[in-house]
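Written below as structure tokens is the structure these notes are about.
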Amino acid sequence: MVILKKRGGRENKNFMNTTCIICDADVSFPKDVEESEVITCSDCKSRLVVEKIDRKKVILAKAPDVEEDWGE
Amino acid sequence: MLRKIGVNKSVPNIYFMKTLAILHSTVRAEEKMLLKAGQGRGLVVKLIDIREQIFNPDTFIVDFDIALERSVSTVKGTYAVRFLEAMNIPVVNSSPISSICEDKFITSLILRRAHVQTPQFALVFGIDQAKEAVEQLGGFPVVVKPNGGSWGRLLAKINDMDSLEAIIEHKDVLGSPQQKAIYMQAYVDKPGRDIRAFVINGKAICAIYRASEHWITNTARGAEATNCPITKEMATLSKKASDAIGGGILAMDIFETDEGLMVNEVNHTMEFKNSEKPTGVSISGAIIDYCMEVLKHA
């Protein structure tokens, strides 16, 4: 699971920036993130899903809850 | 003017111009590792979110050669596999394999029939039968687990009659119809760990120890993974269990007991992100290679 990290210091070309939709924290995450991937905000610990990657902009949504039939 | 398309001679023929679809719901680290492994082998890899599909046989467009089922949701994944197989597309793992592995009781029956060492087990639908099953399984403690569960959830180690009555009542009142099919296993004392073997087409390619002070040793519940060498006994047991289930890509949970190794459970949509590093084996690569072998013989 990817954890969103607070933005700070020098920009890292391997990371993208966005805003947590729950707590509005500025966060960054790896550029190789995929649509439907679940990430966690390091500030508020909310589980978020990458809904869409649109022209280098990432659209987040609240991740679906774990369901009874999830697993291996 | 037509461009001459050169052949990349470093890419084996079986991968050339082939398209692999990875069926998924939530994308985990494993799906990303598989994507990378497939692309690294020269495959065209499509990520297909099955939650966004309309599985209509009259309109569904198949633009891939083989599918690898990696949905986190067992129910959704099962329907996707069945649909694609009906459209004559090979899928890994196939529905005969997944229909066994997605149900612990069915898995236990298949393993037992093939004389694969596995814990004693029973299935009951009520408290009276559960009490009698405890006697048949050698007394307390016993383990109650959901037939379709994963990640170490809803497991109960039941040490006495009071606990048994409480758990069965909870399942009876709060549970779904599926939860009311109560799978019971004799409790097996483990040496603080169990083994997770990764078995592809009958061959154990690598394994990890999962160590925990807790009796539940899933890494999802915090167990620590370290490399476990494949012994001859493990290789033989893995092959026997795999043959009973029908091959495919399987993750086997194995106990070490005084009577030897025994297979506790078999998983058909394995997670392995914490296992490539300690074992040094590219499990993702091995899965992709297996998919291409299946395609070659399809």
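Give, as ranges by residue number, the residues of region B:252-278 whose backbone N falls under 16 Å from the point 7 Å along Cα→Cβ of residue A:34.
B:269-274
Would you order B:272, B:121, B:60 from fewest to most other beta-carbon atoms within 10 Å of each residue's own beta-carbon?
Ascending Cβ contact count within 10 Å gives the list B:60, B:121, B:272.
For residue B:131, list the lysines whose Cα falls under 25 Å from its own Cα; do not include residues on the same chain fewer than 8 positions away.
Answer for residue B:131, where 25 Å is the Cα cut-off: B:104, B:145, B:157, B:171, B:180, B:190, listed by chain and number.
What 222 nm value per residue comes from the helices of the protein assembly as shown, counting each DSSP H run with n ≥ 4 as -39,500 (n - 2.57) and dividing by all residues, nearest 500 deg cm²/dmol?
Per the formula, -8000 deg cm²/dmol.
Under unit Cβ charges (Lys, Arg +1; Asp, Glu -1), what dipole magnitude, rounded to 20 debye, does chain B have relative to its Cα centre?
In debye, rounded to 20, chain B gives about 1460.
Quickly work out the residue B:109-to-residue B:157 label distance, labels modelled 7 Å from Cα along the C-beta direction, and quote it in nm with one decimal.
Spacing of the two 7 Å Cα→Cβ label points: 2.9 nm.
Based on the Cβ-Cβ distance of residue B:75 and residue A:13, what FRET efficiency does E = 1/(1 + (r/R0)^6) give at R0 = 45 Å, to the nearest 0.05?
The calculated FRET efficiency here is 0.65.
Taking chain B as a Gaussian network, Cα atoms linked when under 10 Å apart, which of B:248, B:285, B:138 shows the biggest mean-square fluctuation?
Of B:248, B:285, B:138, the Gaussian network model singles out B:138 as fluctuating most.
Can you list the lysines whose alpha carbon is less than 16 Å from that of residue B:240, not counting same-chain residues fewer than 8 positions off?
Hits, sequence-local ones excluded: B:203, B:232.
Going by alpha carbons, how many degrees (0 to 90, nearest 10) lie between the helix axis of B:232-245 and the longest principal axis of chain B?
Relative to chain B, helix B:232-245 is tipped by roughly 80 degrees.
Which listed residue (B:215, B:75, B:121) has the Cα farthest towards the positive end of the charge dipole for the protein assembly as shown, taking +1 on Lys and Arg C-beta and -1 on Asp and Glu C-beta about the Cα centre?
B:75
Considering only chain B, what is the antiparallel percent among its DSSP beta bridges, to the nearest 5?
75
Roughly how many nanometres apart are two label points built 7 Å out from the Cα toward the Cβ at residue B:53 and residue A:45?
Between residue B:53 and residue A:45, the simple spin-label model gives 3.6 nm.
Using a simple spin-label model with points 7 Å from Cα along the Cα→Cβ vector, what separation in nm is obtained for residue B:46 and residue B:19?
Here the modelled spin labels are 0.4 nm apart.
Mark the label point 7 Å from the Cα of residue B:297 along Cα→Cβ and return the residues of region B:72-113 whose backbone N is within less than 16 Å of it.
Counting only backbone N, you get B:90-97.
Can you tell which of B:208, B:127, B:254 shows the greatest fluctuation in a Gaussian network model of chain B with Cα springs below 10 Å?
Greatest mean-square fluctuation among the candidates belongs to B:127.
About its Cα centre, how strong a charge dipole does the protein assembly as shown have in debye, to the nearest 20, once Lys and Arg get +1 and Asp and Glu get -1 at the Cβ?
1900
May I ask which residue of B:43, B:94, B:284 lies farthest towards the positive end of the charge dipole of chain B, with charges of +1 (Lys, Arg) and -1 (Asp, Glu) on Cβ and the Cα centre as origin?
So the residue we want is B:43.
Please report B:64, B:198 as a ranked list, fewest other C-beta atoms within 10 angstrom at the top and most at the bottom.
Fewest to most other Cβ atoms nearby, the residues stand as B:64, B:198.
For chain B, find the longest principal axis of its Cα atoms and tell me its angle to the long axis of helix B:74-86, 0 to 90°, nearest 10.
Compared with the principal axis, the helix lies near 50 degrees.
Straight-line reach from residue A:13: which lysines have a Cα under 16 Å away, not including same-chain ones fewer than 8 places off?
The qualifying lysines are A:5, A:31, A:56, A:57.
Share of antiparallel DSSP beta bridges in the protein assembly as shown, in percent to the nearest 5?
The answer is about 75 percent antiparallel.
Multiply the residue separation of residue B:39 and residue B:172 by 0.36 nm, subtract the distance between their alpha-carbon atoms, and state the gained length in nm to one decimal.
Taking residue B:39 through residue B:172 to full extension adds about 43.1 nm, to one decimal.
Would you mind working out the magnitude of the charge dipole of region B:220-298 relative to its Cα centre, with +1 at each Lys and Arg C-beta and -1 at each Asp and Glu C-beta, to the nearest 20 Debye?
Result for region B:220-298 is approximately 280 debye, rounded to the nearest 20.
A short reminder: the numbers here are calculations on the coordinates, not readings from a lab. Given the structure is predicted, the values throughout are model-derived calculations rather than measurements. No Cβ is skipped: glycine too gets one built from the backbone with ideal geometry, and neighbour counts run over all protein chains shown.
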